[in-house]
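Here's the structure, in structure tokens; my notes come after.
The values are calculated or read from the model by the stated rules, or taken from the named source; none is laboratory data. Worth saying up front: this structure is predicted, and the values here are computed from it rather than measured. Cβ: placed from backbone, ideal geometry, glycine included. Neighbour counts: every protein chain shown. Heads up: the accessible areas ignore ligands, DNA and RNA and are worked out on the full protein's heavy atoms, side chains in. Shrake-Rupley method; radii C 1.70, N 1.55, O 1.52, S 1.80 Å.
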Amino acid sequence: MFFLSPWVISNKYKLFVLYLAYIGYNKCMKIYKNRRNKVLKQMVSGVAVLPSAFMQVRSNDTEFPFRQESNFYYLSGFNEPEALLLLCKSDKESKSILFLRKSNPEMEMWIGKFLGVEAACAVLGVDEAYDINELEIHLPKLLENHERLYVDNFSQHKYIESVKKVSNALFNSRTVSISPRTFLHLNTIIEKLRLIKEPQEIQKIKKAISITQKAHHASMAMRCAGKKEYEVQAMIEYIFKKEGSSHDAYESIVAGGNNANTLHYIKNSDTLKEGDLMLIDAGCEWDYYASDITRTTPVSGTFSEAQKALYNRILKAQQEIISLIKPGITKQLLQDRSEELLTQVMLDLGILSGPIEKLVEEKTFKKYYPHGIGHWMGLDVHDTCPYKNEDGSDLVFEAGMVLTIEPALYLPLDDKDIPKEFRGIGIRIEDNILVTQEGYENLSYKIAKTVDEIEAMCKRDYKDFL
Ligand code: GLY
Ligand code: MN
Ligand code: MN
């Protein structure tokens, strides 16, 4: 009879765990490699240049928290500063090359481990890796024989300056016949890829939204009257952090009463008053993916009749706009419909008067609905892809796109054209929507939104969500 000794079992187990880790790890690495290959496929030939983000000085010798540049992260999965990714394509080969910080025990003692040059190819799946301090030594041989540079406008970026300097030197050299002389926008390729989310990207957005949901519910359940807006902000961001989100997707807005009429109100410094509404636009990131949610709720826990009348109409407009989403439509269609619907709301409530066609045609609504109906969302809260194609036609929705839908009306306190009961109210309702083959999925549908849902949530104990 054969007995396995405990030593053998534990080593077999360790090998098995290592094997599983390797598979998971390899799968993760492949995601980025596949994306690099997609970019390379769309390049005619030449070199694409993508710098990482830099540490930004906050004051004297302190720095802002580091957040990787989105395109760089999308193609590398690497989250260190001081790096440069090159994608090189010629008739003969396509390859990706990463310049990064070499190991530096003295620095690492202060700020933690660097990946280092030796590990970069195995860990990130790039074909070659070099010390970023040797960038200008390697660049000439990497750039010569390439006519095109794919680059984005990183003005004054020191690595782009190096690329320009080396390109110029090659251009002026008598011994090099082909060197970079045509510059193309790299982002026009990447932003289109980023527009269609892969399944694991959608999972990350859903995770971000699930944390943001807790934070919004806690803010509704907090007895806010008499509290400062920043106290509510602190609780929201506490939940983001506690749940493991490393960054807010943008500066949180907590705006009581008339402050909601300042579109990017981030001071959050006033006292919240009984009877006012409170507009909260806050969302966290999860592994670099954003959520972007706005809810407008009563400070006292119940909507007044006037607030309810306005709120319910904006909500109905939002629901109708969301219901139009499906492959084949355009953002312009949603924008146009939102303008008609919100103009009708203002007519119904005596905020505007006149023939609706004229008010829409002349864009009179802009006084109270001045922004777009929504925007793409993903690695950036405002993902960068244009809503039009190069030929000027509208970009058509496809399954896998994610966008916000955020109709709003902003009715300033000092505007005498507005019926008195609506002055000083700003309402925005914002959800995050995935375009699917069948139509759409509202990724934030679980966040309380109807008057009844919000008022019920206001009765809860905020500690339930901590
Ligand atoms: N939170 C920014 C926006 O709604 O676009
Ligand atoms: Mn938004
Ligand atoms: Mn928002």
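May I ask you to derive the relative contact order of the chain, considering only C-alpha pairs under 8 Å and at least 6 residues apart, and to give it as an integer percent?
Dividing the mean separation by the residue count of the chain yields 13 percent.
What is the Cα coordinate range of segment 304-385 on the first, second and third principal axes, sorted by size from largest, in whole angstrom?
40, 31, 21
Hey, got the dipole for segment 383-466? About the Cα centre, +1 on K and R Cβ, -1 on D and E Cβ, debye to the nearest 20?
500 debye
Considering the Cα trace of segment 145-189, what is its radius of gyration and what is Dmax, both in angstroms?
11.1, 33
Largest first, what is the accessible-area ranking of Arg174, Arg101, Arg67 with a 1.4 Å probe?
Greatest to least solvent exposure: Arg174, Arg67, Arg101.
Any of Lys192/Lys326; Lys92/Lys197; Lys214/Lys242; Lys197/Lys326 with alpha carbons more than 21 Å apart? Name them for me.
Beyond 21 Å between Cα atoms: Lys92/Lys197.
Taking the Kirkwood radius as the inverse of the mean 1/r across Cα pairs, report the Rg/Rh of segment 226-355.
Reported Rg/Rh, Kirkwood definition of Rh: 1.02.
Can you give the direction-averaged projected area of the convex hull of the alpha-carbon atoms in the chain, in nm²?
Reported value for the Cα convex hull: 31.3 nm².
What does the charge dipole of the chain about its Cα centre add up to, to the nearest 20 debye, if the Cβ of each Lys and Arg holds +1 and the Cβ of each Asp and Glu holds -1?
My answer is approximately 1040 debye.
Compute the long axis of helix 331-348 from its Cα atoms, compare it with the longest principal axis of the Cα atoms of the chain, and write down the angle in degrees, 0 to 90, nearest 10.
Taking Cα atoms only, the helix is inclined about 20 degrees.
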